[in-house]
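See structure below.
The values are calculated or read from the model by the stated rules, or taken from the named source; none is laboratory data. Computed from a predicted structure; not experimentally measured. Glycine gets a Cβ as well: all are built from the backbone with ideal geometry, and neighbour counts include every protein chain shown. Areas reflect the complete protein model, heavy atoms only, side chains present, ligands, DNA and RNA absent. Shrake-Rupley method; radii C 1.70, N 1.55, O 1.52, S 1.80 Å.
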Amino acid sequence: MTDKTSNQMWGGRFAAGPDAIMEAINASIGFDKRMAAQDIAGSRAHAAMLAATGIVSDSDASAMREGLLTVLSEIEGGTFEFSTALEDIHMNVEARLKDIIGAPAGRLHTGRSRNDQVATDFKLWVRDQLDAVAHALEALIRALLTQAETGADWVMPGFTHLQVAQPVTWGHHMMAYVEMFGRDLGRIRDARARMNECPLGAAALAGTSFPIDREMTARELGFDAPSANSLDAVSDRDFALEFLGAASICAMHLSRMAEELVIWSSAQFRFVMLSDRFSTGSSIMPQKKNPDAAELIRAKVGRVFGANVALMMVMKGLPLAYSKDMQEDKEQVFDAADNLMLALAAMEGMVKDMAANRPNLEVAAASGFSTATDLADWLVRVLDMPFRDAHHVTGSLVAMAEARGCDLPDLNLEDMQSVHGEINASVYDVLGVHNSVASRQSYGGTAPVRVREQIARWKEKLG
């Protein structure tokens, strides 16, 4: 393909071509070429509609549709020559189509503008990305369900403030992330449903006088309906912002889990062993096994958040309808999507490969007076003690155990009765960590029976 710098396809309004600086700032082909498949799909649907409505002949439409497939094969095969002088993917495709089929290519742009064309292409691309993210989230959730099922009754410490709080189960902890990523999946699906209106046919901003069939092109491209207002159709980037918003929350969840994997895989915790596939060594310390994949996931959130803020700033002051500022809507979305998909794939791989250290989890679960709340609950339930009094008695027993360098179950009955004389031997039934987690049978609790119920619910939900 040859550059047409002296004969820009957007017409004869400007006699001289832009200089190098203007060409560089104006061109978007360097990044929007990744929407080639979506651009060609939109153009093929538009050509079919032009023929169906009698706006162009069947032969011209057929030539356009076949020629566009040739262009797509060249792009996918790596033989297509992109031109900066032709600015964007739309003009690059149309110019090459003209090389292939000649004059009929000039009829392709009838009844549309680059404004509705780019909005359609971008929507199609974001929609495809939403589908890919949903698939990746489902895969991650399934990996977490497998971990939860394996360790539904394995005890581990639950934390608040990163201090040992109460015993929970490994399965319960894994299911917490299932719920978090499940909400991400819901947001992604909601965003897809909301954005599924077709801008094509809105033209520059006011619609067109040609008798186009917008229902046909919307249907052909898998949209639920055409967008209802032509001004909004070419101005709307909510779909990209909503994708970035959902991506930001998902990236934050990934970062939180990555942080736990970094902590858990440390020598001080040794709760999990990450596989060699998602770890690296040190260039100087031979004993090191670094959780680099988790650390990089933790860092990705900055790029996704940054993309969200960047597009908000691009859009915040724009009057209706289209402004060239909106050319800056894609790079950050592309970058955020790439990094989110990479982070999801890496997290799924780590979760599938990681091995929980059950003995270490159980030892840690019993540390830090983790059954103190169970003791307080026993005092309320068995001795009918007001909870605030029970809290005070339990605190005194914790202080006694701490002074002696032991845990609550290690105190003998005489020690306990020295703090409150009505305590009896049945208190020891609630002080073991397994007894503790088994007793937490309220809906959503950590008891293995409840964990297995939630696993079954999610398996049915995913199908």
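Looking at region 160-177, can you tell me whether even one residue there is open to solvent by less than 30 Å² (accessible area, probe 1.4 Å), in a helix (DSSP H, G or I), touching a strand residue (DSSP E or B) at 6+ places or on another chain (Cβ under 7 Å) and β-branched (Val, Ile, Thr)? Scanning region 160-177 turns up no residue that is open to solvent by less than 30 Å² (accessible area, probe 1.4 Å), in a helix (DSSP H, G or I), touching a strand residue (DSSP E or B) at 6+ places or on another chain (Cβ under 7 Å) and β-branched (Val, Ile, Thr). Could you tell me whether residue 93 is open to solvent by less than 10 Å² (accessible area, probe 1.4 Å) and either modelled with pLDDT under 95 or assigned to a helix (DSSP H, G or I) (or both)? Answer is yes for this residue. Residue count for region 196-213 under the criterion of being crowded, with 17+ Cβ neighbours inside 10 Å and without any contact (Cβ under 8 Å) to a residue 24 or more places away in the chain: the result is 1. Of the listed requirements (1) within 35 Å of the chain's Cα centre (by Cα); (2) open to solvent by 10 Å² or more (accessible area, probe 1.4 Å), residue 68 misses just one: (2).
What's the total number of residues in region 375-393 that are open to solvent by 10 Å² or more (accessible area, probe 1.4 Å) and assigned to a helix (DSSP H, G or I)?
Qualifying residue count for the region: 11.
For the residues 236, 153, the requirement of being acidic (Asp, Glu), open to solvent by less than 30 Å² (accessible area, probe 1.4 Å) and more than 26 Å from residue 297 (Cα to Cα) singles out 236. Is there a residue in region 272-288 that is open to solvent by 40 Å² or more (accessible area, probe 1.4 Å) and at pLDDT 90 or above? Looking through region 272-288, at least one residue is open to solvent by 40 Å² or more (accessible area, probe 1.4 Å) and at pLDDT 90 or above. Residue 160 falls short on exactly one of the conditions (1) farther than 28 Å from residue 440 by Cα; (2) free of Cβ contacts under 8 Å to residues at least 12 places away in the same chain; (3) more than 22 Å from the chain's Cα centre (by Cα), and that condition is (1). Evaluating residue 419 against the criteria (1) surrounded by 15 or more Cβ atoms within 10 Å (Cβ to Cβ); (2) closer than 30 Å to residue 300 by Cβ leaves one unmet condition, (2). Candidates in region 123-150 are the residues that are open to solvent by 20 Å² or more (accessible area, probe 1.4 Å) and among the small types (Gly, Ala, Ser); of these, the one that is nearest to residue 262 (Cα to Cα) is 139.
With the condition being assigned by the TED database to the domain that holds residue 136, touching an Asp or Glu at 6+ places or on another chain (Cβ under 6 Å) and not basic (Lys, Arg), I'd like the helices (runs of 4 or more DSSP H) fully within region 405-463 carrying at least 2 qualifying residues. Spell out how you get there, then give the answer.
Details: elements: 413-419, 428-431, 433-439, 448-462.
In region 405-463, there are no helices (runs of 4 or more DSSP H) which contain 2 or more residues that are assigned by the TED database to the domain that holds residue 136, touching an Asp or Glu at 6+ places or on another chain (Cβ under 6 Å) and not basic (Lys, Arg).
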